[in-house]
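Reviewing the structure listed below.
The values are calculated or read from the model by the stated rules, or taken from the named source; none is laboratory data. Predicted model only: the values in this text are computed from it and were never measured. Ideal geometry is used to build each Cβ from the backbone, glycine not excepted, and the neighbour counts take in all protein chains shown. SASA here: full protein model, heavy atoms, side chains in, ligands and nucleic acids out. Shrake-Rupley method; radii C 1.70, N 1.55, O 1.52, S 1.80 Å.
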Amino acid sequence: DQSVEILSRLSEFKSLGIRILVGHSRKSFLKLISKEEPTQRDLETFIISSSLVSRGVDYLRVHDVKGNERAIRARLLIEA
């Protein structure tokens, strides 16, 4: 619950004028939306990553860098 709350309140952190790093890749809070084992939670991670970048997060700590990059590029393409 704490992880979800932190992610939902990112604008409060951004208002401090600091750079934001989020390490959400394959984390246990993703069990709220998936019953997959941690190594199988990349899809959920991709979706959250693309949302975080759109919300102004500066850095992401992820396992599958290429997959996350693809997801972020796809989102940015349709938001342009």
Given Cα pairs under 8 Å that are at least 6 residues apart, what percent is the relative contact order of the chain?
33 percent
Order of exposure, largest accessible area first, which applies to Leu43, Leu77, Leu7 with probe 1.4 Å:
Leu77, Leu43, Leu7
Report the label-to-label distance for Asp64 and Ala80 in nanometres (one decimal), using points 7 Å from each Cα along the Cα→Cβ vector.
2.4 nm
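I need the fraction of alpha carbon pairs in the stretch 1-65 separated by more than 19 Å, rounded to a whole percent. List each step's numbers first, then the result.
Details: 598 of 2080 pairs.
The calculated P(r) of the stretch 1-65 puts 29 percent of pairs beyond 19 Å.
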Just to confirm a number: summing +1 for Lys and Arg and -1 for Asp and Glu over residues other than Arg73 whose beta-carbon lies under 15 angstrom from that of Arg73, what do you get?
0
